[in-house]
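Values in this text are rule-based calculations from the coordinates and carry no lab data. Predicted model, so just to flag it, every value in this text is computed and none were measured. With ideal geometry, Cβ positions are generated from the backbone for all residues, glycine too; neighbour counts draw on all protein chains shown.
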Amino acid sequence: MINVAVDLGSRFIKIFVCEDGSEVFRLEDTVGFYKNHLKRENGNVAIDTSFLNIDTKYARILTTGYGRNLLTFSNSGFISEIKAHFYGAKYQSGESDFVLIDIGGQDSKVIQAVDGYINDFTMNDKCAASSGRFIEHAAEITGVTREEAAGATDSPVCLTDTCAVFCESEIIGHIARGVPILHLAAGVNLSVARRIAPAVKKYNPKRVFASGGVSSSPALIHFLSELTGIKTEPLPNPHFNGAIGCMEYMKRTGR
């Protein structure tokens, strides 16, 4: 049996395939995945694994992620994002006591692990201001590249608005006043870190790890470390942590 782990993100679908000891990671655009790789028959929706060169009847599929709000697949199991990211972080870090920060496209999560188990978690899925989409949108407004935004830490502008929608007007106002664009980009990174840091600090952690595509931003990691007073460490494969957690769960439980 071939194991297929799928993290249904709002921006990207992360796929991890394990077959006879070989491992393959694959990243798909979310909209393209839903358009091209689903089968719809008799009112059921199933993941078609033929694009992975796998016959679906020989694949055991486990999913997690934001997509649970959209669809249930007839040929896969499902575990929560909290459980998937916990298993992924525990496996990748080798640690049993830690706090994990996961910043997704439309939400953010802080998970506390104690003695190898989930002890508590905080999740923000009501406001985009602490998500990757907010950072992307701010980069579009300012015209900086993702790479430039990811490295912006100098002289961060203080953004006072707590709403991602209204913060756009505040950013535009700063641009009109001639504030340097990279100072604004740094301000956006600091703003996201400020929204996440209190949830981390309340757990008084000794180790803090980060997952999600945004965790590859040195600037955000810098501000999170600065605000929490403890080094935030990106996991070895942060973008695929949820899929890795799904795979680890399948291996541990046999389902």
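The order of S50, S10, going from fewest to most other C-beta atoms within 10 Å of their C-beta, is S50, S10.
Pairs over the 23 Å Cα-Cα cut-off, from the set K14/K83; K109/K206; K109/K201; K57/K83; K57/K90; K57/K251: K57/K83; K57/K90.
If you run the Gaussian network model on the chain, springs between alpha carbon atoms under 10 Å, then out of L71, L159, L220 the most flexible one is L71. GNM, the chain, Cα, under 10 Å: largest mean-square fluctuation among R40, R195, R68? Sorting by GNM fluctuation, first place goes to R40. Tell me the net charge near H183. Cut-off is 14 Å between Cβ atoms, H183 excluded, with +1 for each Lys or Arg and -1 for each Asp or Glu. Neighbourhood net charge equals -2.
Distance distribution note for the stretch 1-115: the fraction of Cα pairs above 20 angstrom is 44%. Considering only A113, A89, A59, the mean-square fluctuation computed in a Gaussian network model of the chain, springs between alpha carbons under 10 angstrom, is largest for A59.
In plain terms, the residue of K90, K14, K35 with the fewest other Cβ atoms within 10 Å comes first and the most crowded comes last, giving K35, K90, K14. When the label point is put 7 Å from the Cα of R11 along its Cα-to-beta-carbon vector, which residues of the stretch 170-202 have a backbone N closer than 18 Å? In the stretch 170-202, the label zone of R11 (backbone N under 18 Å from the point 7 Å along Cα→Cβ) covers 185-196. Here the simple spin-label model places points 7 Å from the Cα toward Cβ, and for L71 and S22 these points are separated by 2.6 nm.
Rounded to the nearest 0.05, what FRET efficiency do K201 and K57 have when you use their Cβ-Cβ distance and R0 = 35 Å? The formula returns an efficiency of 0.10 here. Relative to the current alpha-carbon distance between S80 and T253, full extension at 0.36 nm per residue lengthens the span by 60.8 nm.
Rounded to the nearest 0.05, what FRET efficiency do S155 and E95 have when you use their Cβ-Cβ distance and R0 = 45 Å? Step by step, r from the Cβ atoms, then E = 0.80. The order of L184, L70, going from fewest to most other C-beta atoms within 10 Å of their C-beta, is L70, L184.
Net length available on complete extension from D29 to V179 is 50.6 nm, with 0.36 nm assigned per residue and the Cα-Cα distance removed. Helical content of the chain, expressed as a calculated mean residue ellipticity at 222 nm, amounts to -11500 deg cm²/dmol (DSSP H runs of 4 or more residues, -39,500 (n - 2.57) each, divided by residue number, nearest 500). Decide, for the stretch 115-255, between rounded, prolate and oblate: order the square roots of the alpha carbon gyration tensor eigenvalues as a ≥ b ≥ c, take rounded if a/c falls under 1.5, and otherwise choose prolate if a/b is larger than b/c, else oblate. Verdict is prolate for the stretch 115-255.
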